Amino acid sequence: MRTPTRRTVLTAALAAAGTGLLTACSAGSDPMKGMDHAAMGHSPASPASPAAGGTTAPAGFVAPNGPEVAAAEARRRPGPERKVALTATETTLDLGGRTVRSWAYGDRLPGREVRATVGDTLALTLANHLPQPTSLHWHGLALRNDMDGVPGVTQEPVRAGGSFDYRFALSHPGTYWFHPHSGVQQDRGLYAPLIVEDPREPLRYDKEWVVVLDDWVDGIDGSTPDAVLAELAGGMGGMDHSSHDMPGMDMGGGASTAAAGPSRMLMGAASPLLGGDAGDVAYPFHLVNGRLASAPETFTAKPGDRIRIRLINAGGDTAYRVALGGHQLTVTHTDGFPVEQATTQALLLGMGERYDVLVTAQDGVFPLTALAEGKNATALAVLRTGGGAAPDASARPAELDGRLLTAAQLKADASVRLPAKSPDRTVLLELTGGMAKADWAFNGRAYDPAQRYPVAAGERVRLEFRNSTAMWHPVHLHGHSFALGADGPRKDTAIVLPGTTLAVDFDADNPGLWMVHCHNVYHAETGMMTVLGYRA
């Protein structure tokens with residue numbers, strides 16, 4: 001995601017983008033709910049308290065460090081501190097026989113898991129040893145706004161050599177993760193799981209396995225995510241195809257003149273599950289818990305053990321279809337919230353999505369395979385409960401092509417189902433643009449951090465995502481969870497297929513300025529982001 005001041009790569013691609021505020025669809029007679037362009041414009045910013053890290057908010061909107069935010073945090077009743085020290089640094093990472101220079105939290109990939117209990121106060125200090133500013137976004141958490149980690153919106157960037165103290169209450173258990181919201185840093189090694197445990201956990205299981213999926217390009221043959229962004233931001237229209245090696249197209253093997261290393265622009269990747277085009281980036285590797293398929297992580301258990309697997313897709317541009325050979329998956333949660341349990345053979349995870357599943361371990365050695373959907377590549381981990389040879393890197397269990405459950409087929413557990421209510425406000429977000437011009441956007445306008453879609457505390461808000469593009473997008477809402485339909489699952493990230501409309505509802509109960517964006521890091525960086533702002 002994007003640091004708003006970091007525009008060097010995108011200036012040419014975005015020069016024509018307007019900066020006027022988008023108009024929100026609305027219902028009701030309240031002026032805040034109408035098409036009030038003056039109220040939605042670029043109002044003069046009000047000064048921020050130093051405690052907010054230099055954040056600002058337009059007049060008439062709740063500031064990230066405003067009293068409304070403090071009051072909402074007090075209602076969460078922050079408990080004992082869970083103290084963590086985290087360092088973002090350049091380092092050498094071993095992917096399993098292949099070493100790369102990259103950026104990571106400490107010297108691990110993924111970063112060391114942070115585990116706490118619901119009701120705790122997470123007190124984490126981020127030390128930035130990177131050569132550029134960074135931040136930390138806590139993906140999926142309903143937390144206080146000034147801790148959400150979006151430079152230029154909720155905090156100032158954490159400068160190189162500086163540090164920042166994140167401190168907030170953990171109000172809901174579940175499977176979450178954290179990553180930067182600065183440029184394309186997330187597509188390096190800067191990510192880690194955050195597990196919030198429930199002291200009254202109703203599930204019963206013997207072991208737990210946290211599985212983080214990722215697509216990897218950094219440090220391979222000179223490639224970096226920034227170079228990939230530079231190539232993609234140029235679009236396809238003006239590129240010199242003769243100088244690019246395009247996967248899926250017979251164009252020769254030249255190196256890109258617009259980016260370091262070979263071309264990483266992906267052509268011809270298709271998936272019926274994703275409605276057509278599967279992705280923009282040809283990643284050389286796909287990882288499970290930081291390991292190549294040729295040197296997979298092995299998780300050991302006993303036959304008959306009941307295992308909770310927490311699946312997290314931390315990728316930049318890849319959906320993964322996941323299956324465990326020889327096993328059924330019982331889905332218990334998605335994006336941290338419980339669902340009515342359902343059994344499947346495979347799951348599809350867009351970037352940013354999480355699923356918790358239960359499996360009863362069989363006797364033997366089994367591949368946990370993550371198929372890079374539409375990209376003809378796989379990532380691998382191994383479940384071992386007995387003797388036998390480990391599956392090789394090409395293992396493709398039959399379950400991958402078996403019964404697949406989607407979020408739309410799930411129902412929220414009764415304990416977390418949103419009560420029935422008509423929306424007080426509808427915000428239309430049309431997904432627009434394409435790869436040809438790299439003009440991804442909402443409602444045809446590239447991201448401007450000064451734009452605000454107004455909402456009011458206490459409202460039931462409907463977000464209507466209309467995908468007029470030829471590609472799928474995993475849309476993510478910060479600081480809230482939404483419901484897919486009347487009794488659908490509670491989520492914070494959901495796939496919108498091309499040519500479809502997805503309507504989701506949430507209760508506006510967490511004041512501040514909150515991002516909505518595509519969680520394809522390259523789509524977000526080229527404009528598919530905006531902000532919801534609570535009116536003061």
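The values are calculated or read from the model by the stated rules, or taken from the named source; none is laboratory data. Predicted model, so just to flag it, every value in this text is computed and none were measured. Here the Cβ positions follow ideal geometry from the backbone for every residue, glycine too, while neighbour counts run over all protein chains shown. To get the accessible areas, we keep the full protein, side chains included, count just its heavy atoms, and leave off ligands, DNA and RNA. Shrake-Rupley method; radii C 1.70, N 1.55, O 1.52, S 1.80 Å.
At GLU297 and ARG115, where each label point lies 7 Å from the Cα along Cα→Cβ, what is the point-to-point distance in nanometres?
Label-label distance for GLU297 and ARG115, simple model: 1.3 nm.
Take the Cα pairs of the range 170-232, get the Kirkwood Rh, then feed it into Stokes-Einstein at 25 °C and 0.890 mPa s and tell me D in µm²/s.
The estimated diffusion coefficient comes to 169 µm²/s.
Spin-label point model (7 Å from Cα, Cβ direction): what's the GLU464 to ALA59 distance in nm?
Simple spin-label model gives 3.3 nm for this pair.
If you place +1 on the Cβ of every Lys and Arg and -1 on the Cβ of every Asp and Glu, how big does the dipole about the Cα centre of the range 374-415 come out, in debye to the nearest 20?
In total the dipole reaches around 40 debye.
So what's the net charge close to ALA72: Lys and Arg +1, Asp and Glu -1, counting the other residues with Cβ under 9 Å from its Cβ?
0
Quick one: accessible area per residue over the range 436-476, 1.4 Å probe, rounded to a whole number of Å²?
Solvent-accessible surface per residue comes out at 29 Å².
Just need log10 I(q)/I(0) for the range 256-347 at q = 0.11 Å⁻¹, Debye formula, equal scatterers on the alpha-carbon atoms, no solvent, rounded to two decimals.
The calculated log intensity ratios at q = 0.11 Å⁻¹ are -0.48.
Note the direction-averaged projected area, equal to a quarter of the hull surface, for the Cα convex hull of the range 371-435, in nm².
For the range 371-435, averaging the hull's shadow over all directions gives 9.5 nm².
About its Cα centre, how strong a charge dipole does the range 91-248 have in debye, to the nearest 20, once Lys and Arg get +1 and Asp and Glu get -1 at the Cβ?
Value, rounded to 20: 440 debye.
So what does the Cα-only Debye profile of the range 268-403 read at q = 0.09, 0.10, 0.17 Å⁻¹, as log10 I(q)/I(0), no solvent term?
For the range 268-403, the Cα-only Debye profile gives -0.25, -0.31, -0.91.
From largest to smallest, what semi-axes in whole angstrom does the range 475-536 give when each is the square root of 5 times an eigenvalue of its alpha carbon gyration tensor?
For the range 475-536, the semi-axes come out at 19, 18, 9 Å.
What number results when the radius of gyration of the range 422-536, computed over Cα atoms, is divided by 2.2 N^0.38 Å?
Compared with the compact-globule rule of thumb, the range 422-536 sits at 1.00.
Over the range 434-502, what per residue volume does the convex hull of the Cα atoms give, in whole Å³?
Taking the convex hull of the Cα positions in the range 434-502, it is 106 Å³ per residue.
Mark the label point 7 Å from the Cα of ARG306 along Cα→Cβ and return the residues of the range 392-413 whose backbone N is within less than 19 Å of it.
Counting backbone N atoms under 19 Å from the label point, the list is 413.
So if I place +1 on the C-beta of Lys and Arg and -1 on the C-beta of Asp and Glu, and nothing else carries charge, what would the dipole magnitude of the range 285-337 be about its Cα centre? I want it in debye, nearest 20.
Computed charge dipole of the range 285-337: roughly 200 debye.
Any idea what diffusion coefficient the range 59-129 gets from Stokes-Einstein, in µm²/s, Kirkwood Rh on alpha carbon pairs, 37 °C, 0.692 mPa s?
216
Over all alpha-carbon pairs in the range 271-315, figure out the percentage whose distance exceeds 12 Å.
In whole percent, the share of Cα-Cα pairs in the range 271-315 beyond 12 Å is 77.
Please report the equivalent ellipsoid semi-axes of the range 342-392, computed as sqrt(5 x eigenvalue) of the Cα gyration tensor, largest first, in whole Å.
22, 16, 8
So what's the Cα pair-distance distribution over the range 331-440, bin width 5 Å, in %?
2, 9, 13, 16, 16, 14, 11, 8, 5, 3, 1, 0
Starting from the Kirkwood radius over alpha-carbon pairs of the range 64-181, derive D by Stokes-Einstein at 37 °C in a medium of 0.692 mPa s and give it in µm² s⁻¹.
The estimated diffusion coefficient comes to 217 µm²/s.
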